[in-house]
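Participant: First, the structure itself, so that you have it in front of you.
The values are calculated or read from the model by the stated rules, or taken from the named source; none is laboratory data. The shown structure was predicted, so the numbers you read here are calculated from the model rather than taken from an experiment. Here the Cβ positions follow ideal geometry from the backbone for every residue, glycine too, while neighbour counts run over all protein chains shown. To get the accessible areas, we keep the full protein, side chains included, count just its heavy atoms, and leave off ligands, DNA and RNA. Shrake-Rupley method; radii C 1.70, N 1.55, O 1.52, S 1.80 Å.
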Amino acid sequence: MEKPPKAEKCGPFIEMVLDELNCNLDLHDKEKIENEEDLKKFPGHHGGLYIFYMKPDSESDLRYPVYVGMTKQSFKERFERHAKHGVIHEVWNGKFPRDIDGLGLYAYCTHYHGESAKRIKSILLDTFDFALKKGRNTIDISETYPAEWTKRNLEFPWDELKRIADGEDEEEEERKKKKIPSEKGGHFIRFLLDELNCNIDMYDQEEIKDVDDVNKFPAHYGGLYLFYMKPDPTSDLRYPIYVGVAKKSFKERFQRQAADNFNGILSKIWSGEFKFEGHGVYAVCTHHQGPAARAIKKLLLDSFHFPLKRNRRGQLRRELDTSEQLPAEYVKDNYGIPWEECLEKVAAAGR
């Protein structure tokens, strides 16, 4: 075996590694990436470690890994960038692979993100020669090494891989005991609002810059609302900072948030008391009212740590946290948030 071995020859072994890490390899395995429409099927709420691979057709068991990467954005957003000037662009335009016809592009999307994803990516790059990481425009499919044979003949840091997987398990209980900063839970909160059939996009590109901007919000009804920050109107990054319920109307409640110099959320932001740079404030106004709105608000406050609250000294808890957001699936699977129970309560309140 050559050193380092070509990744495309070690496809079965790389599958074995991902299996050991409890990754769902079948999720998109039959979904060939042929056009921009195909990119929409990939998760739009979370990212993490991913591997591009090629195979003859969607039913084939042959998989030839050609690229490993990780993204802090969603998989959908990152793959759209790859389609403009990256791996997907190279494949679609016939620049890769130059020597083989009839292979389609597919992707493994894993639940690993942050430091764990970096460590796994580093292990894979140190161990294998990925064609599109080494600048090769060819792919070698002359031979595929069996997984067990590769395991016997390849020096691979299984102990370190086990520590990564075990570390995830050990951190799980701690995560369940802690509240997540609401900004880091942005993807999950978006997922929850989607499940609750909220119209998230109604005001998503309308920054609330001053009192005049408050007048566009509904004056004849209220309900559950969230304030969030994002870097520009078209960005998919959303950092929730406050959740509340307007009993009268959204417009009236937001006017109070602008006028109250001590507790008013908009007042805190516009005055500069709430520290942030390069971000504007936006709002989601939902149709949920009464018991349903209170149930959703309670779930969010019990599960997330929102920054726009004062401590006993009258100081705001913290500044805006724009560090890496957690994938929605990761939060759903690892933090024990009773979101399904909340959906049932909301449904019962609407009967």
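Participant: Percent of accessible area on the stretch 31-102 owned by carbon and sulfur, 1.4 Å probe? List each step's numbers first, then the result.
Facilitator: Details: 1360 of 3380 Å².
Carbon and sulfur atoms account for 40 percent of the accessible area of the stretch 31-102.
Participant: Using a probe radius of 1.4 Å on heavy atoms only, what accessible surface per residue do you get for the stretch 149-280? Whole Å² is fine.
Facilitator: Dividing the accessible area of the stretch 149-280 by its residue count gives 52 Å².
Participant: Oh, and also: Would you work out if the stretch 217-351 is rounded, prolate or oblate? Take a ≥ b ≥ c from the square roots of the eigenvalues of the alpha-carbon gyration tensor; rounded if a/c is under 1.5, else prolate when a/b is larger than b/c, oblate otherwise.
Facilitator: oblate
Participant: Hey, another quick one. Pop a pseudo-label 7 angstrom from the Cα along the beta-carbon direction at both ASP61 and GLU273 and give the gap in nm to one decimal.
Facilitator: 6.6
Participant: To continue, here is another question. When the solvent-accessible surface of protein heavy atoms is calculated with a 1.4 angstrom probe, in what order do PHE262, PHE274 fall, highest first? Provide the component values of the computation, followed by the final result.
Facilitator: Numbers: PHE262 110, PHE274 0 Å².
If we order PHE262, PHE274 from most to least accessible, we get PHE262, PHE274.
Participant: Ordering ASP204, ASP38 from largest to smallest accessible area (1.4 angstrom probe), what's the sequence?
Facilitator: Result, largest first: ASP38, ASP204.
Participant: Also, I was wondering about something else. Can you give the angle from 0 to 90° between the axis of helix 250-259 and the longest principal axis of the chain, with both taken from C-alpha atoms, to the nearest 10?
Facilitator: Once rounded, the angle reads 80 degrees.
Participant: Right, next: For Kirkwood radius over Cα pairs in Å, one of [x] 22.5; [y] 21.5; [z] 23.9 was computed from the structure I shared and the rest are decoys. Which label?
Facilitator: Read-out from the structure maps to [x].
Participant: Residues of the stretch 63-144: accessible area per residue at 1.4 Å, in Å²? Walk me through the intermediate numbers first.
Facilitator: Working: 3540 Å² over 82 residues.
Computed with neighbouring chains in place, this is 43 Å² per residue.
Participant: According to the Cα gyration tensor, what semi-axes, each the square root of 5 times an eigenvalue, does the equivalent ellipsoid of the stretch 60-216 have, listed from largest to smallest in whole Å?
Facilitator: Values: eigenvalues 293, 129, 32 Å².
The answer is 38, 25, 13 Å, longest axis first.
Participant: As a test of the formula, what do you get for the chain when each DSSP H run with n ≥ 4 contributes -39,500 (n - 2.57) and the sum is divided by the residue count, at 222 nm and rounded to the nearest 500 deg cm²/dmol? Please report the intermediate quantities before stating the final value.
Facilitator: Values: 15 runs with 139 residues, N = 351.
Computed mean residue ellipticity for the chain: -11500 deg cm²/dmol.
Participant: Fully extended, how many nm does the chain gain between LYS162 and ASP232 (0.36 nm per residue separation, minus their Cα-Cα distance)? Don't skip to the end; give the middle numbers.
Facilitator: Details: separation 70, 0.36 × 70 = 25.20 nm, distance 4.05 nm.
Difference between extended and current length: 21.2 nm.
Participant: Say a site is exposed when it is one of the GluC sites (Glu not before Pro), sits in a DSSP loop, and has at most 15 other Cβ atoms within 10 Å; what is then the longest site-free stretch of the chain?
Facilitator: That gives 60-142 as the longest site-free run.
Participant: In what order, largest first, do HIS279, HIS111, HIS220 sit by accessible area if the probe radius is 1.4 Å? It would help to have the intermediate numbers written out before the result.
Facilitator: Details: HIS279 35, HIS111 60, HIS220 155 Å².
Greatest to least solvent exposure: HIS220, HIS111, HIS279.
Participant: Suppose a student asked you for the relative contact order of the chain, using Cα pairs under 8 Å spaced at least 6 residues apart; what percent would you report?
Facilitator: Answer for the chain is 19 percent.
Participant: Using only Cα atoms, locate the centre of the stretch 1-32 and the centre of the stretch 65-134, then give the distance between them in Å, rounded to an integer.
Facilitator: Taking the Cα centre of each part, the stretch 1-32 and the stretch 65-134 sit 12 Å apart.
Participant: Could I ask something else about it? Would you mind checking LYS251/LYS345; LYS6/LYS41; LYS184/LYS297 for any pair whose Cα atoms are more than 23 angstrom apart?
Facilitator: Listed pairs above 23 Å: LYS251/LYS345; LYS6/LYS41.
Participant: Any chance you could give the angle, 0 to 90 degrees and rounded to 10, that helix 158-177 forms with the longest Cα principal axis of the chain?
Facilitator: Computed tilt is about 10 degrees.
Participant: Find the relative contact order for the stretch 7-94 and round it to a whole percent, using C-alpha pairs within less than 8 Å whose residues are 6+ positions apart. Could you put the intermediate results ahead of the total?
Facilitator: Values: 97 pairs, mean separation 26.5, N = 88.
Once normalised by length, the contact order is 30 percent.
Participant: At a probe radius of 1.4 Å, what is the per-residue accessible area of HIS46, in Å² to the nearest 10?
Facilitator: Accessible area of HIS46: about 20 Å².
Participant: Treating cross-link reach as a plain straight distance, find the lysines whose alpha-carbon is under 19 Å from the alpha-carbon of LYS9, omitting any fewer than eight places away in the same chain.
Facilitator: Partners found: LYS55, LYS121, LYS133, LYS134, LYS151.
Participant: So, one more: Pop the C-beta distance of ARG351 and LYS216 into the FRET formula with R0 = 30 Å and round what comes out to the nearest 0.05.
Facilitator: The pair ARG351/LYS216 has a calculated efficiency of 0.40.
Participant: Where the accessible area of the stretch 138-250 is counted over protein heavy atoms with a 1.4 Å probe, how much of it, in %, is carbon and sulfur?
Facilitator: Solvent-exposed carbon and sulfur of the stretch 138-250 make up 45 percent of the total.
Participant: Now, a different point. Over the Cα atoms, compute the radius of gyration (one decimal) and Dmax (the largest Cα-Cα distance, rounded to a whole number) for the stretch 228-294, in Å.
Facilitator: 12.8, 36
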